[in-house]
Amino acid sequence: MSAPGRACPISYRHGAGVLAGAPLLEADTLWVAGGLYGNAHALERLVQLYDAEPGSKALVFNGDFHWFDVFPEDFALIERGVAPFLATRGNVETELASPAAGAGCGCAYPDWVDDATVERSNRVIERLRATALGFPQALERLAGLPMQLVATVGGERVAVVHGDADSLAGWGFSQEALAAAHGRAAALRAFSAANARIFASSHSCLPVMQEFAGGRVIANNGSAGMPNFRGTSFGLVTRISVRASAGALYGARAAHLFVEAVPLDYDAQAWRQRFLAQWPAGSVAHASYYERICDGPRYRAEQARAA
Ligand SMILES: [Fe+2]
């Protein structure tokens, strides 16, 4: 039996085969925002940028839009902001709405994440759960969200997942897994099983844009609500479109589509203050995340782009 935060509950395992089904939507442009982590400033900026997008479009929040938002007003703000758009459950929403015994935060952290970080994540979800109990309608909504969805963009199939092709909390689309030949081989099998041109994922919290032979791409946006690279203060979202955007940080081609990482340059100062109000120095989330929120993780944009 794995420790809380290490385990991947059976209910998380959807399998790549479910992604082979009929698409839920069709658009010329699809935005995918994973890992908002309760950052209302990033949400506000995202909606501004998305509103400016022309043509047929959709925005999907692919999980973990809640996390740091333990003040009821912050939790409500995130709920209100996300609800008008499509969303899939992350492990955070799943562990709020239907907690699995012993799952902790549901992160299914791999070996390279240390025990203290895992334990602190379990404490964050406990605190967020206490807040969420005050929002029974939101919990009902979150419980009803799917774990994944399929879209077609410009006629190409895009599988939107939280973790990887098999599991809500899978790490198969993390930079660490895709750096290994067996990880890329597993991803190739997932493309076949899902009959997909593109996977859009999140969960591992560090972005990856991995190209495969035959014009296939895995786009992991890292985090919409936290910095993703050292010395930066913006989040990232994935944009998949028949047209290139002017604002992409980097991108790849998947057949005729443009797959791009778009910066979310939210008000970083205001977000820091909002975070500190909820998670002051000495709190578990402060210990795990404040350095990243201020300075970004020890990760560079060059590391995110693999071919
Ligand atoms: Fe996650």
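Quick one: longest stretch of the chain between exposed loop trypsin sites (Lys or Arg not before Pro), exposed meaning at most 14 other C-beta atoms within 10 Å and loop per DSSP?
So the longest stretch without any such site is 1-229.
If you roll a 1.4 Å probe over the range 167-264 with all protein chains in place, what percent of the accessible area is carbon or sulfur?
Heavy-atom surface of the range 167-264 belonging to carbon and sulfur, 1.4 Å probe: 57 percent.
Determine the per residue accessible area of the chain with all protein chains present and a 1.4 angstrom probe, expressed in square angstrom.
38 Å²
Report, for the range 1-96, the % of DSSP beta bridges that are antiparallel, rounded to 5.
In the range 1-96, approximately 0 percent of DSSP beta bridges are antiparallel ones.
If you fit an axis through the alpha-carbon atoms of helix 72-82 and take the longest principal axis of the Cα set of the chain, what angle between them do you get, 0 to 90°, nearest 10?
So the inclination is approximately 10 degrees.
In nanometres, what is the gap between the two model label sites at TRP112 and SER98, each 7 Å from Cα along Cα-to-Cβ?
In this crude spin-label approximation the distance works out to 3.2 nm.
Classify the range 160-307: rounded, prolate or oblate, from the alpha-carbon gyration tensor (a ≥ b ≥ c, eigenvalue square roots; a/c under 1.5 rounded; otherwise prolate if a/b is larger than b/c)?
Prolate shape, in that a/c is at least 1.5 and a/b is the bigger ratio.
Tell me the carbon and sulfur percent of the accessible area for the range 56-116, rounded to whole percent, probe radius 1.4 Å.
Carbon-and-sulfur percentage of accessible area, whole number: 60.
Taking amide H positions as placed in the peptide plane 1.01 Å from N, state which residues far from GLU26 in sequence (5 or more) or on other chains have amide H under 5 Å from it.
Those lying under 5 Å, H to H, from GLU26 are THR152.
Post the alpha-carbon centroid distance, the range 222-243 to the range 85-136, in whole angstrom.
Rounded to whole Å, the Cα centres lie 22 Å apart.
Would you kindly state how much longer the chain becomes between SER192 and ALA83 on full extension, computed as 0.36 nm times their sequence separation minus their alpha carbon distance, in nm to one decimal?
That pair, SER192 and ALA83, stretches by 36.0 nm at full extension.
Nearest 5 is fine: what % of DSSP beta bridges in the range 158-307 come out antiparallel, could you say?
Given both bridge residues lie in the range 158-307, the antiparallel proportion sits at roughly 65 percent.
How many nm separate the modelled label positions at SER245 and VAL47, each set 7 Å beyond the Cα in the direction of the Cβ?
1.7 nm
The values are calculated or read from the model by the stated rules, or taken from the named source; none is laboratory data. Here the structure is a predicted model, which means the values were calculated and not measured. Every residue, glycine among them, receives a Cβ derived from its backbone with ideal geometry; neighbour counts consider all protein chains shown. With ligands, DNA and RNA removed, areas are computed over all heavy atoms of the protein, side chains included. Shrake-Rupley method; radii C 1.70, N 1.55, O 1.52, S 1.80 Å.
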